[in-house]
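Here's the structure we're looking at; comments come further down.
The values are calculated or read from the model by the stated rules, or taken from the named source; none is laboratory data. Note that this is a predicted model, so its numbers are computed, not measured. When we count neighbours, we look across all protein chains shown, and the Cβ atoms used for this are built from the backbone with ideal geometry, even at glycine.
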Amino acid sequence: MSPTERARDRRLLLELSRINNDYGLLQRQAMRDLARARNELTEARSVLGAVAHDLRTPLQAVVGFAEFLLDEDLDPEQRELAERIAQAGKMMTELTEDLLGTLTTREAALSVVPLDLAALVTEIVSSYNLLAARSGAHALVEASVPSALQVEGDPTRLRRAFENLITNAIKFSPRESTVHVTLVRHGDEAELTVTDVGPGIDPSEHVAVFEPFHRSPGSDAVPGVGLGLPIVKQIVEQHHGTVTVDSRLGAGARFAVRLPLRHA
């Protein structure tokens, strides 16, 4: 090897050593930045959770007092103001619960037990229709469920997921319409579907609707911040299941949740 070649090789080795050192420095800096970001995210979630939790009590008081006023003998103007206060309070309460649900669903462990999915869905639908009958809600829920369908699941989490789907369908449904809920068996899976006759969702939005804080075009008139469906996705995936949407603009939406059956 000539002196020129040896000098060239030394330069290459020095350059490779420098690049390797720079890479090591960048990697260590990235790890420090990632650790700091994780700590900041944990602190932010903790503060956000505490604030949302503390908002519960005053919001419940606002709603309670407004409903108390609605039971009184009010003139039309006073009644309209009380109804607006109650409606705004309920909306804020729902947003607070969605925020808390997002935080707790991600972090808390599941309490898994053998669960009769058919009984749970029947109970949820009955509750919605009872409330609808009392409050004059604009959509009823019609269900078709088998006598029994067993899964391994957390009853509280799955109830929240199903309620989010049904509530979402009701919000986007026109007056005097019906939200259809079905539960069937597909091989080793149970499939719950919630179908409405609302404005529908463009196929380009089918993935994005499950992302936190996403609001599809045309949904501005419906209360919410875009956390209901992401919570559904989190809960279903924690149960080793899937959730999908089948919809197009002007043709309603059909959300389907599939969960593994207990024996499977």
> Phe68 passes all but one of (1) at pLDDT 75 or above; (2) part of a loop (DSSP other than H, G, I, E, B); which number fails?
Replying inline: (2)
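Do you know which of the residues in the stretch 3-28 that are of a type in the set (S, T, N, Q) and modelled with pLDDT under 75 is farthest from the chain's Cα centre (by Cα)?
Step one: list which residues in the stretch 3-28 are of a type in the set (S, T, N, Q), which gives 4, 17, 20-21, 27.
Applying the additional criterion that residues be modelled with pLDDT under 75 yields 17, 20-21, 27.
Numbers: Ser17: 49, Asn20: 44, Asn21: 44, Gln27: 35 Å.
The residue in question is Ser17.
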> When residues of the stretch 165-213 are filtered for being closer than 22 Å to Ala119 by Cβ and among the charged types (D, E, K, R), how many remain?
Replying inline: 4
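So which of Leu165, Leu158, Leu183 ends up being touching a Leu at 6+ places or on another chain (Cβ under 7 Å) and in a helix (DSSP H, G or I)?
Values: Leu165 fails: touching a Leu at 6+ places or on another chain (Cβ under 7 Å); Leu183 fails: in a helix (DSSP H, G or I).
From the options Leu165, Leu158, Leu183, the qualifying one is Leu158.
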> Name the pairs: first residue in the stretch 5-24 and surrounded by 10 or more Cβ atoms within 10 Å (Cβ to Cβ), second residue among the aliphatic types (A, V, I, L, M), Cβ to Cβ under 8 Å, at least 6 apart or on different chains?
Replying inline: Asp9/Met1
> Any idea how many residues of the stretch 187-201 are under 21 Å from the mean Cα position of the chain (by Cα) and assigned to a loop (DSSP other than H, G, I, E, B)?
Replying inline: 5
> Leu103: among the aliphatic types (A, V, I, L, M) and at pLDDT 70 or above, yes or no?
Replying inline: no
>> So if I check each of Leu249, Leu227, which one is touching an Asp or Glu at 6+ places or on another chain (Cβ under 7 Å) and at pLDDT 85 or above?
In response: Leu249
> Which one is nearest to the chain's Cα centre (by Cα), of the residues in the stretch 160-186 that are surrounded by 17 or more Cβ atoms within 10 Å (Cβ to Cβ) and among the charged types (D, E, K, R)?
Replying inline: Arg160
